[in-house]
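These notes concern the structure reproduced below.
The values are calculated or read from the model by the stated rules, or taken from the named source; none is laboratory data. Remember, predicted model here, so these are calculated numbers, not experimental data. Note that we place each Cβ from the backbone using ideal geometry, even for glycine, and neighbour counts take in every protein chain shown. SASA here: full protein model, heavy atoms, side chains in, ligands and nucleic acids out. Shrake-Rupley method; radii C 1.70, N 1.55, O 1.52, S 1.80 Å.
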Amino acid sequence: MSNHTASKAGSPPRVVNPEPAGKLPLPALLALATAVFITSLTETLPAGVLPAMSADLGVGEPAMGQSVTIYAIGTALTAIPLTAATAGWRRKRLLLTAVAGFALANTVTAVSTHYPLTMAARFLAGVAAGLAWALLAGYARRMAPVHLQGKAIAVVMTGIPLALSLGVPAGTFLGAALGWQVTFLVMTALAFVLLAWIALTVPDHPGRPRGGRAPILRTLAVPGVAPVLFVTLVLVLAHTILYTYVAAFLDHLGMGGSTGLVLLVFGGASLLSIWFTGLHIDRRLRTLTLAGIVLFAVAAGALAVAADSTALVYAAAALWGLGWGGAPTLLQTAVGDAGGEAADTAQTMLVSLWNAAMAGGGVAGGLLLDLLGATALPWSVLLLLAPALIVVAAARTHGFPARRPPTGA
């Protein structure tokens with residue numbers, strides 16, 4: 001999940017922003033936010049309709065959960081090579097290609113009656129995501145005045161909590177009423193609308209010249225980059241283990257019919273989190289990251305002991321959303337700041353690592369569900385969050401400093 005920037009040294013010359021100084025190009029940024037929405041919803045939608053998909057395709061829920069895993073694998077395997085191969089493409093052409101890929105993948109998913117074909121379509125959707133995530137944050141930064149670049153990224157990233165707070169619950173309800181296939185066809189329709197929106201409102205920018213990216217090993221050696229990537233790996237792994245199998249976990253608690261509502265609470269809290277993050281990220285990146293991990297840990301602990309307490313489950317969902325909602329913006333910003341001249345490469349590495357963690361989370365969650373049962377899911381989250389908290393606390397000079405660099409976005 002994430003994106004790379006094109007505003008650091010070593011990137012092509014900044015295209016002059018057509019907006020007046022001090023203003024954000026909201027129509028274009030909202031188009032990018034919708035692209036994030038479609039990407040995130042396509043990725044996570046199976047979590048809300050997992051039982052129905054598994055029944056119709058004739059496989060178990062752990063096997064169907066791998067539809068999230070294969071999506072993440074598609075992104076993790078292709079983000080870096082495809083980003084390099086398309087580096088010279090104009091940005092608008094590349095974005096339109098990625099969105100068209102989502103339209104095709106979701107259509108095939110909706111009409112498929114065979115598990116292997118569905119998984120192939122999910123892999124294609126992951127490839128499209130790799131293309132999209134590798135350019136969205138950089139696109140947003142290039143369209144905004146320098147002093148508003150952080151807010152521009154926050155606007156674009158609202159697509160993630162919107163997908164979780166509105167998209168997945170709506171898809172869950174729609175799937176229950178009309179069938180899960182309809183939800184994927186709706187995603188196709190949204191992709192076609194977005195293609196027209198991008199064509200009308202999003203400015204074009206040139207690609208990068210050959211040799212404009214820093215090598216991966218040299219980027220890893222930049223102080224602060226490795227800690228941010230480690231935290232990304234562990235945090236996304238923890239989130240994916242729980243989120244992918246949330247329907248199965250709630251069914252274990254006797255709340256299988258409340259999955260949509262629980263996800264709505266989670267997503268609403270995520271929206272609040274990203275709004276608050278957008279307001280304070282320039283001055284409180286470290287504090288916000290630490291607080292987010294702590295809130296997520298408290299939520300996991302509450303779910304681990306929830307048993308018969310419905311109220312505690314909803315409270316945990318809210319805390320989870322508050323802790324997770326700002327994570328994409330915080331981690332992208334942190335790795336971009338730490339990367340400096342290698343920010344483009346650092347962001348693309350974060351994309352691949354993020355999705356590798358999602359793939360690992362889908363596999364690990366399925367194994368835990370099969371071998372130890374649903375109760376093991378929140379406990380595994382707690383075990384993973386402990387090292388993440390330690391690394392953020394230790395990376396006070398580089399990676400998660402108390403104050404962002406004055407040249408950060």
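Listing for the model above:
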| item | result |
| --- | --- |
| Asp251 being within 30 Å of Asp370 (Cβ to Cβ), of a type in the set (Asp, Glu) and open to solvent by 50 Å² or more (accessible area, probe 1.4 Å) | yes |
| Ala291 surrounded by fewer than 18 Cβ atoms within 10 Å (Cβ to Cβ) and either small (Gly, Ala, Ser) or closer than 17 Å to Val381 by Cα (or both) | yes |
| Yes/no for Gly366 being small (Gly, Ala, Ser), under 26 Å from Gly254 (Cβ atoms), under 18 Å from the mean Cα position of the chain (by Cα) and at pLDDT below 90 | no |
| Val298, sole failed condition from (1) under 23 Å from the mean Cα position of the chain (by Cα); (2) touching a residue at least 40 places away in the same chain (Cβ under 8 Å) | (2) |
| Enumeration of residues in the range 370-396 that are in contact (Cβ under 8 Å) with a residue 40 or more places away in the chain, farther than 16 Å from Val236 by Cα and assigned to a helix (DSSP H, G or I) | Asp370, Ala393, Ala394 |
| Extreme residue, modelled with the highest pLDDT, among residues of the range 336-355 that are under 13 Å from Val222 (Cβ atoms) and surrounded by fewer than 24 Cβ atoms within 10 Å (Cβ to Cβ) | Gly340 |
| Test: residue in the range 261-275 that is in contact with a Leu (Cβ under 6 Å, 6 or more places away or on another chain) and open to solvent by 40 Å² or more (accessible area, probe 1.4 Å) | no |
| Residues located in the range 77-92, provided they are modelled with pLDDT of 85 or more, within 22 Å of the chain's Cα centre (by Cα) and surrounded by fewer than 19 Cβ atoms within 10 Å (Cβ to Cβ) | Lys92 |
| Subset of the range 309-335 that is under 19 Å from Gly260 (Cα atoms), of a type in the set (Gly, Ala, Ser) and in a helix (DSSP H, G or I) - its residue that is modelled with the lowest pLDDT | Ala311 |
| Filter result for Leu95 (open to solvent by 10 Å² or more (accessible area, probe 1.4 Å) and touching a residue at least 12 places away in the same chain (Cβ under 8 Å)) | no |
| Positions within the range 217-236 being within 14 Å of the chain's Cα centre (by Cα) and open to solvent by 40 Å² or more (accessible area, probe 1.4 Å), in sequence order | Leu233 |
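Every residue, every condition in (1) open to solvent by 20 Å² or more (accessible area, probe 1.4 Å); (2) outside any helix (DSSP H, G or I), yes or no:
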residue	(1), (2)
Leu24	yes, yes
Leu41	no, no
Ala47	no, no
Gln66	yes, no
Ala72	no, no
Thr75	no, no
